[in-house]
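Here the structure is laid out as structure tokens; the discussion comes afterwards.
Readers should treat all values here as calculations from the given coordinates under stated rules, not as data from a laboratory. These numbers come from a predicted model, not from an experiment. Cβ: placed from backbone, ideal geometry, glycine included. Neighbour counts: every protein chain shown.
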């Protein structure tokens, strides 16, 4: 059968394609190969181990056959953290026969959760400023809090801590990692002209933590150091 006449548009496209390919080849021929220009891969660090710092040794001083780190950054997360930790301890008991002494449980309070590491005395003085800063009200009064609500009993409705207070968590043996950087920031939020300075309030906050509290240079540093020391990580929010 005779061939159909060639499509002049197709012929023109192929000619342009061939010319473009030739020009591209000339560019690469006159320059170094892109692959050759890439930097050599970084050498593999065989047997790498994280450096240990004495500031983090408290993480190894908590006894336990299992280690877990709950990371919280919000007011609700601060309450959820003690609930999740309580559930973890209860399930370890029911499912494995483990006691809390067999578990190294750390709850991190950083960012907006940091202030819930402090007692009612400082909340009474600075809670109004903090509540406005983190957009959080006392669920019982619907006003800026003047107490640590996650360490209070008798809260209305179904609060995220489900009746578990921070003091209860401390008595069970849970530990808290507190963000020092955020602590200083909250001290600055509480400082007023003519009143205590940021440094004075910061020192007051450092002396007003609830039990089993350990300050880290920053909460995010504690997240890293805990995992380097064998803690499983659970982000709560």
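Taking the number of Cβ atoms within 10 Å of each Cβ as an exposure proxy, the fewest-first ranking of 52, 172 is 52, 172.
Between residue 66 and residue 128, the simple label model (points 7 Å from Cα in the Cβ direction) yields a spacing of 4.6 nm.
At a threshold of 8 angstrom on Cα-Cα distance, excluding pairs fewer than six apart, so keeping six or more, what relative contact order does region 63-235 reach in percent?
The normalised contact order for region 63-235 reaches 29 percent.
With a Förster radius of 45 Å applied to the beta-carbon distance between residue 153 and residue 228, the computed FRET efficiency rounds to 0.75.
Ranked by how many other Cβ atoms sit within 10 Å of their own Cβ, fewest first, the residues 51, 99, 204 fall in the order 51, 99, 204. The modelled label-to-label distance between residue 206 and residue 181, using points 7 Å beyond Cα along the C-beta direction, is 1.8 nm. Working from label points 7 Å from Cα in the Cα-to-Cβ sense, the residue 192 to residue 53 distance is 3.6 nm. In terms of surrounding Cβ atoms within a 10 Å radius of their Cβ, 57, 80 rank from fewest to most as 57, 80.
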